[in-house]
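Down below is the structure, laid out as structure tokens.
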Amino acid sequence: MFTDSAKVFIRSGNGGNGHVSFRRELYVPNGGPDGGDGGKGGDIIFEVDDGLNTLVDFRHVRKYVAQSGEEGGKRRCHGADGKDLIVKVPEGTVVKDLESGKVITDMSGDNRREIILKGGRGGLGNMHFATSTMQVPKYAQPGQPGQELWIQLELKVIADVGLVGFPNVGKSTLLSRVSNARPKIANYHFTTLNPHLGVVNLGDGNSFVMADIPGLIEGASDGAGLGHEFLRHIERTKVLLHVVDAASVEGRDPVEDIHTIINELSTYNPELLKLPQVIAANKLDALYDEEHDPLKALKDEFEPKGIPVFGISAVSGEGVNELLGHLFQVLRTVDRTPRVFEKEFEVEYQADRNLPYTVERSDDGAFVVEGPRIEKMLGYTNLDSEKGFDFFQKFLKQNGILDELEKAGISEGDTVRMYGLAFEYYK
């Protein structure tokens, strides 16, 4: 199971509802409303954890939901805020919107912590809605709902030098020799299922990061084998180091192998071929055919194209120091600032349209609709005009006010009152 890509559902917490209550104390006349505000919903926060290097945890947990805020209480008590949910990811994780494929954020470089989804705001208690004309508000604001999203996580390894090549050509052996990395090494295909990173220390404070990119095969750019899962790791590297089996232990032609890998890289992303490339002709210690010189064949084929070739043996160490010295000199000529993918997708937050209102039946049988949502609408609507009245009717329908009136038992011909406005109800 490959752990460099995962589909995950995330949802921030809902805001808590505001509370409706009134102060009731002995010897305190006209106590007034004292309903408290609801708590804010928890955020979904992504944070880089340097102890992680795969997305393996997301194989087991695919749903992340933050805590909702609590409802406000009596005596102006504020509801508790929901706890934020912090999701730990390895550095280099790119967060994308699953539907559009656009980048939400790239957890690389200085971006160590980012809020992906904000929690809903808590609703206001009824103490906020007391006015000179409405001294006994029997409504409070509901909490704003949280946001939810399906996302795609992709881990793109951050390294200066990326080792590419067919399986079983000695990439893991080379990495274990030159760095502190200890990848699993064995003589069979696809030993490496996850990229391994190691720091190559050249002394005098000079070092660079090398990554063992899992082995490619022909057709990888079309998804064959483990292609797409592995090719994405190459996108952040600064130098490509082709490792090839010069001894043809498995009967493959090393020149053809390099051409095949270059073709796969070009098909996947032509920009990759603009990176500096170096060839390491490995397994010189296993050469027994004195008539055939694969190192000369590689040099004749690729050095005229600007790709230097170094003969090495990852097992014995032959030629390795010369190769590392050349790689370091190449890195001195390139910008080693890690590539950070630009943000392409902004999570849209819902407008705050959840101002409260109430529907009640008065003693004279009329239905009274009141609240900040109604008051605000009447403030900017001219009911004397045909367009204004048409907007007023649509507002009542779209905001569910007509449904609330019907639930309250309204019948045709009944009177509805709204802040001094009275009309008869007809379907």
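The values are calculated or read from the model by the stated rules, or taken from the named source; none is laboratory data. The model shown is predicted, which means the values in this text are computed figures rather than measured ones. Don't worry about glycine lacking a Cβ; one is built from the backbone with ideal geometry, like all the others, and counts go over all protein chains shown. What goes into the accessible areas is simple: the full protein's heavy atoms, side chains included, and nothing from ligands, DNA or RNA. Shrake-Rupley method; radii C 1.70, N 1.55, O 1.52, S 1.80 Å.
Just give me the residues in the range 247-260 being modelled with pLDDT of 85 or more, touching a strand residue (DSSP E or B) at 6+ places or on another chain (Cβ under 7 Å) and either assigned to a loop (DSSP other than H, G, I, E, B) or aliphatic (A, V, I, L, M) (or both), in sequence order.
The one that is modelled with pLDDT of 85 or more, touching a strand residue (DSSP E or B) at 6+ places or on another chain (Cβ under 7 Å) and either assigned to a loop (DSSP other than H, G, I, E, B) or aliphatic (A, V, I, L, M) (or both): Ile258.
Residue check, Asn269 against (1) of a type outside the set (Ser, Thr, Tyr); (2) on the phi > 0 side of the Ramachandran plot; (3) surrounded by fewer than 21 Cβ atoms within 10 Å (Cβ to Cβ), all met but one. Which one?
Unmet condition: (2).
How many residues, within the range 237-266, are among the hydroxyl-bearing types (Ser, Thr, Tyr) and open to solvent by 30 Å² or more (accessible area, probe 1.4 Å)?
So the first thing to find is which residues in the range 237-266 are among the hydroxyl-bearing types (Ser, Thr, Tyr), and the list is 237, 248, 260, 266.
Add one more test, that the residue is open to solvent by 30 Å² or more (accessible area, probe 1.4 Å), and what stays is 248, 266.
Residues that pass the stated criteria total 2.
Out of everything in the range 370-410 that is in contact with a helix residue (DSSP H, G or I) (Cβ under 6 Å, 6 or more places away or on another chain) and under 13 Å from Tyr425 (Cα atoms), what residue ends up being least open to solvent (accessible area, probe 1.4 Å)?
Filtering first and then ranking leaves Leu396.
Taking the condition at pLDDT below 70 and either assigned to a loop (DSSP other than H, G, I, E, B) or out of contact with any strand residue (DSSP E or B) (no Cβ under 7 Å at 6 or more places or on another chain) (or both), does Thr173 pass? Write out each step before concluding.
Details: at pLDDT below 70: no; either assigned to a loop (DSSP other than H, G, I, E, B) or out of contact with any strand residue (DSSP E or B) (no Cβ under 7 Å at 6 or more places or on another chain) (or both): yes.
No: the conditions fail for Thr173.
Grab the strands (runs of 3 or more DSSP E) fully contained in the range 16-125, keeping just those with 1 or more residues being open to solvent by less than 10 Å² (accessible area, probe 1.4 Å), without any contact (Cβ under 8 Å) to a residue 60 or more places away in the chain and out of contact with any Pro (no Cβ under 7 Å at 6 or more places or on another chain). I'd like the intermediate steps shown before the answer.
Working: elements: 44-48, 63-65, 85-89, 93-97, 103-107, 113-117.
Of the strands (runs of 3 or more DSSP E) lying wholly inside the range 16-125, those with at least 1 residues that are open to solvent by less than 10 Å² (accessible area, probe 1.4 Å), without any contact (Cβ under 8 Å) to a residue 60 or more places away in the chain and out of contact with any Pro (no Cβ under 7 Å at 6 or more places or on another chain) span 93-97.
Looking only at residues in the range 126-153 that are open to solvent by 20 Å² or more (accessible area, probe 1.4 Å) and outside any loop (DSSP other than H, G, I, E, B), which one is modelled with the lowest pLDDT?
So, considering only residues that are open to solvent by 20 Å² or more (accessible area, probe 1.4 Å) and outside any loop (DSSP other than H, G, I, E, B), the one modelled with the lowest pLDDT is Phe129.
Within the range 297-342, work out how many residues are open to solvent by 40 Å² or more (accessible area, probe 1.4 Å) and either touching a strand residue (DSSP E or B) at 6+ places or on another chain (Cβ under 6 Å) or assigned to a helix (DSSP H, G or I) (or both).
Result for the range 297-342: 12.
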